[in-house]
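Enquirer: Quick one: structure below, then a few questions.
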Number of protein chains: 2
Amino acid sequence: MTATTPAGFRAAGVAAGLKASGASDVALVVNDGPDAGVAAVFTSNRVKAAPVIWTQQVVHGGLVRVVVLNSGGANACTGPAGFQDTHATAEHTAAELTSVSGRAYGAGEVAVCSTGLIGERLPMDKLLPGVGAAVRALTGDGGDAAAEAIMTTDSRPKTAVTRGDGWTVGGMAKGAGMLAPGMATMLCVLTTDAVATPETLGAALRAATRVTFDRVDSDGCMSTNDTVLLLASGASGVAPTEAELTDTVTAACHDLARQLLADAEGATKEVAIEVVGAANEDEAVEVGRSVARNNLVKTALFGNDPNWGRILAAVGTTSATFEPDEIDVAVNGIWICRSGAAAEDRSRVDLTGRDVTIRIDLHAGAAEATVWTNDLSHGYVHENSAYST
Amino acid sequence: MTATTPAGFRAAGVAAGLKASGASDVALVVNDGPDAGVAAVFTSNRVKAAPVIWTQQVVHGGLVRVVVLNSGGANACTGPAGFQDTHATAEHTAAELTSVSGRAYGAGEVAVCSTGLIGERLPMDKLLPGVGAAVRALTGDGGDAAAEAIMTTDSRPKTAVTRGDGWTVGGMAKGAGMLAPGMATMLCVLTTDAVATPETLGAALRAATRVTFDRVDSDGCMSTNDTVLLLASGASGVAPTEAELTDTVTAACHDLARQLLADAEGATKEVAIEVVGAANEDEAVEVGRSVARNNLVKTALFGNDPNWGRILAAVGTTSATFEPDEIDVAVNGIWICRSGAAAEDRSRVDLTGRDVTIRIDLHAGAAEATVWTNDLSHGYVHENSAYST
């Protein structure tokens, strides 16, 4: 149930020594075709890691046959030398694949993803041999090994599979902090054996990430390395409609996004902020994101305190359409705020569980959106004050 | 050295029983004239507390002779009944002052400020007798008692005095959390015995708050109750120029803003983010605020980690003019990032002290601005998960 579940893909994960722990840290996903279609979504951070800049160029032509990924170093803020390292990684990956398969691979078909500490060069003397080992370890059931090799502070690998009629979408993701606006901080490789043009893949992927990864806002911090790739082998011989592809890719993204949320650093709550009655969807998202990023709301949730006053204060900082004396707020089903003032008894709200639903009715229209976040806990402070990303 | 240091002012602080602790919780500042000029700046949060809505109306005419303040309850999100409570407080204050002084006071001359828990009605049966007691306790050296009565989670009262040539500015403030965009969450009453029109007072106050309170962003959370008032008695008989008044009011605001930062809930660091080389001042502030609000930067500072990669990632989320490969970053004087990549040895950065200076050179122009913030600590999480605001 991984990135190698769809037909036409092989993967591997090996330990190259980038991680001091000795855990696996280099992953490879190879699309054996017959097709080599690709679509991608990247971080909107203007400070982009070298592999993001490289991969943006590579996917431009719509054809990618290989993704090489490493944990143990983000290769971000490393200057021109860091970009050379990414280029050399792609060249080496193509050369090794060519030598073992007898089929010709070019660096321009190799996407590169990196994750780990920002600002330090990658140890190329370890990474390149690791790439060679990964090429020789490629198998048709290597998806689990690949998913493990891209973990950083993740406590567990994250994989998903969703199925169409005669075709399949598989995927893996990593990310446990720096979960962020515009995209949860993460690497994600999705695979499918559906037959689809790069244009259709791009439309499906953008539609899927817009309502899944884009709406996970664990800590408001946007990474320099976020990359989501969708590779299509066409090996099923089935060409779904764009709508069918979108639905199935969205389901896989939703599954992975929830796994990211569940594994967020130090979090004790998974919080769905449902904004309803908005004038339009953008305003619903703006309100949801404002509440998701409010440290006073997040610490209150950590303390099992249904503090609706802090929620209203967060809503009040947005430009969305609403009247302060018309807002209703429910926490886990109890409408503790009606018309902008206290309503049902707040002691009736049960916040002892891990899942929390905050429902905000703006009474300004018919649009709605859900944004997912976590609480702000001692664990988050501990992990992020002790660990350098 | 308080709000009663300038000539023409009396103040008081008394315990009315709003705080469970029994500490003082009602404050009064009275301007005995001869002038009664006023200027004010309020929260830009669209969810405004009843006293904010009331006081916005009162100051509109430019004349205020009394400020009544309470801690122990914000009177925010309390609906029309909450507004009635504020109105009744102003009426009662005016009536009590009239009865003890023989001089006629009207509710329309009484500004009201409240701070404490959002969403609960004030216990008027305690507040109104407290107002009466405060009226009877008014003295020409009551500034310290008033500053104590407005404290919530503050660990100490905050007062300041700055002097012009023959005239004086005094002030008090409260605020130790919810320090926020657009204005540090707080109440602040400034007094002066200068002679000045409401227009001059307004221009001086806006200029002062723009570069002081507006640039303190402790935790990115904006309150429903922020109010800064400047009252002028004219008792010195000296009429400074607008520039002189602005400078002296700015110095008082700067002093109080730094006291707020020093007393921020649970913080272990006071951080000045100096952005230089910006294309314009707005962009410098945008960059400073983005870094100030980034939880990963803030937790790194708590951990004494000079994590410049997280700083660059925060800068990268802004729309300011810069090239990622031209940014320099110094922490406490050590330029650990030059041209967007690692430079001086990060181990040379000493973060063991309480004061931290982050200097970011965008190399995009000649403008600069400083934004002040705190780290994100276990203490912040503890205080805000346990305390309802």
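Enquirer: From the set of residues in the stretch A:29-53 that are hydrophobic (A, V, I, L, M, F, W, C) and more than 20 Å from residue A:173 (Cβ to Cβ), which is modelled with the lowest pLDDT?
Expert: Among residues in the stretch A:29-53 that are hydrophobic (A, V, I, L, M, F, W, C) and more than 20 Å from residue A:173 (Cβ to Cβ), the one modelled with the lowest pLDDT is A:47.
Enquirer: Filter the stretch A:202-225 down to the residues that are over 12 Å from the mean Cα position of the chain (by Cα) and within 14 Å of chain B (Cβ to nearest Cβ) and list them by number.
Expert: A:219, A:220, A:221, A:224
Enquirer: Are any residues in the stretch B:300-315 touching a strand residue (DSSP E or B) at 6+ places or on another chain (Cβ under 9 Å), outside any loop (DSSP other than H, G, I, E, B) and more than 7 Å from chain A (Cβ to nearest Cβ), and if so, which ones?
Expert: Those that are touching a strand residue (DSSP E or B) at 6+ places or on another chain (Cβ under 9 Å), outside any loop (DSSP other than H, G, I, E, B) and more than 7 Å from chain A (Cβ to nearest Cβ): B:301, B:311.
Enquirer: Now for a different question. Just checking, does the stretch B:108-119 include any residue being assigned to a helix (DSSP H, G or I) and at pLDDT below 95?
Expert: Looking through the stretch B:108-119, none of the residues is assigned to a helix (DSSP H, G or I) and at pLDDT below 95.
Enquirer: Give, as residue ranges, the strands (runs of 3 or more DSSP E) completely inside the stretch B:25-99 that count at least 2 residues that are over 23 Å from residue A:322 (Cα atoms) and within 14 Å of chain A (Cβ to nearest Cβ).
Expert: Of the strands (runs of 3 or more DSSP E) lying wholly inside the stretch B:25-99, none has at least 2 residues that are over 23 Å from residue A:322 (Cα atoms) and within 14 Å of chain A (Cβ to nearest Cβ).
Enquirer: Sticking with this one: Considering only the stretch B:324-374, give the strands (runs of 3 or more DSSP E) lying wholly within it that have at least 2 residues that are more than 11 Å from chain A (Cβ to nearest Cβ), buried (at least 21 other Cβ atoms within 10 Å of the Cβ) and of a type in the set (A, V, I, L, M). Before you say what the answer is, go through the steps one by one.
Expert: Details: elements: B:328-331, B:334-338, B:355-361, B:367-374.
So the answer is B:328-331, B:355-361, B:367-374.
Enquirer: Given the conditions (1) of a type outside the set (Gly, Ala, Ser); (2) in a helix (DSSP H, G or I); (3) at pLDDT below 95; (4) crowded, with 20+ Cβ neighbours inside 10 Å, which single one is not true for residue B:254?
Expert: (4)
Enquirer: Same structure, new question: On the basis of being closer than 20 Å to residue A:154 by Cβ, touching a residue at least 12 places away in the same chain (Cβ under 8 Å) and of a type in the set (S, T, N, Q), does residue A:114 make the cut? Can you show your working first?
Expert: Values: closer than 20 Å to residue A:154 by Cβ: yes; touching a residue at least 12 places away in the same chain (Cβ under 8 Å): yes; of a type in the set (S, T, N, Q): yes.
Here the answer is yes, as residue A:114 does meet what is asked.
Enquirer: Shifting gears a bit: Being modelled with pLDDT of 95 or more, among the aliphatic types (A, V, I, L, M) and under 16 Å from residue B:73 (Cα atoms) is the requirement here; does residue B:176 meet it?
Expert: No; evaluated as a whole, the condition is false for this residue.
Enquirer: Can residue A:336 be described as closer than 30 Å to residue A:155 by Cβ, touching a helix residue (DSSP H, G or I) at 6+ places or on another chain (Cβ under 7 Å) and at pLDDT 95 or above?
Expert: No.
Enquirer: Something else: Any idea how many residues of the stretch A:238-251 are in a loop (DSSP other than H, G, I, E, B) and either buried (at least 18 other Cβ atoms within 10 Å of the Cβ) or without any contact (Cβ under 8 Å) to a residue 60 or more places away in the chain (or both)?
Expert: Qualifying residue count for the region: 3.
Enquirer: Being small (Gly, Ala, Ser) and modelled with pLDDT of 95 or more is the filter here; which residues of the stretch A:282-315 pass it?
Expert: Once the filter is applied, which keeps residues that are small (Gly, Ala, Ser) and modelled with pLDDT of 95 or more, the stretch A:282-315 yields A:284, A:288.
Enquirer: Separate question: Restricting to the stretch A:358-381, name every residue that is under 23 Å from the mean Cα position of the chain (by Cα) and not charged (D, E, K, R).
Expert: The answer is A:358, A:369, A:370, A:371, A:372, A:373, A:374, A:376, A:377, A:379, A:380, A:381.
Enquirer: Would you point out the residue of the stretch A:277-297, among those that are in contact with a strand residue (DSSP E or B) (Cβ under 7 Å, 6 or more places away or on another chain) and surrounded by fewer than 18 Cβ atoms within 10 Å (Cβ to Cβ), that is farthest from the other protein chains (Cβ to nearest Cβ)?
Expert: A:281
Here is a yes/no grid of residues against (1) out of contact with any strand residue (DSSP E or B) (no Cβ under 7 Å at 6 or more places or on another chain); (2) within 20 Å of residue B:43 (Cα to Cα); (3) crowded, with 23+ Cβ neighbours inside 10 Å:
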residue: B:101; (1), (2), (3): yes, no, no
residue: B:108; (1), (2), (3): yes, no, no
residue: B:114; (1), (2), (3): no, yes, yes
residue: B:120; (1), (2), (3): no, yes, no
residue: B:134; (1), (2), (3): no, no, yes
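Enquirer: With respect to residue B:318, determine if the residue is assigned to a loop (DSSP other than H, G, I, E, B), more than 7 Å from every other protein chain (Cβ to nearest Cβ), at pLDDT below 95 and under 14 Å from residue B:354 (Cα atoms).
Expert: The answer is no for residue B:318.
Enquirer: Considering each residue of the stretch A:196-224, count those that are over 21 Å from residue A:143 (Cβ atoms) and assigned to a loop (DSSP other than H, G, I, E, B), and give that number.
Expert: 10
Enquirer: Sticking with this one: Restricting to the stretch B:269-285, what's the tally of residues that are in a loop (DSSP other than H, G, I, E, B) and over 17 Å from residue B:216 (Cβ atoms)?
Expert: Qualifying residue count for the region: 2.
Enquirer: Sort out which residues of the stretch B:37-80 are in contact with a strand residue (DSSP E or B) (Cβ under 8 Å, 6 or more places away or on another chain) and surrounded by fewer than 18 Cβ atoms within 10 Å (Cβ to Cβ), and write them in order of number.
Expert: B:44, B:56, B:62, B:63, B:79
Enquirer: Residue by residue through the stretch A:225-237, note down the ones that are in a loop (DSSP other than H, G, I, E, B) and either without any contact (Cβ under 8 Å) to a residue 24 or more places away in the chain or more than 27 Å from residue A:369 (Cα to Cα) (or both).
Expert: A:233, A:234, A:235, A:236, A:237
One line per residue, one yes/no per condition, for (1) in the same structural domain as residue B:211 (by TED's automatic domain parsing); (2) under 18 Å from residue B:300 (Cβ atoms); (3) hydrophobic (A, V, I, L, M, F, W, C):
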| position | (1), (2), (3) |
| --- | --- |
| B:338 | no, no, no |
| B:341 | no, no, yes |
| B:351 | no, yes, yes |
| B:354 | no, yes, no |
| B:358 | no, yes, yes |
| B:366 | no, no, yes |
| B:379 | no, yes, no |
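The values are calculated or read from the model by the stated rules, or taken from the named source; none is laboratory data. Nothing here was measured: the structure is a model prediction, and the numbers come from that model. Methodologically, a virtual Cβ is constructed for each residue, glycine included, from the backbone with ideal geometry; neighbour enumeration extends over all protein chains shown.
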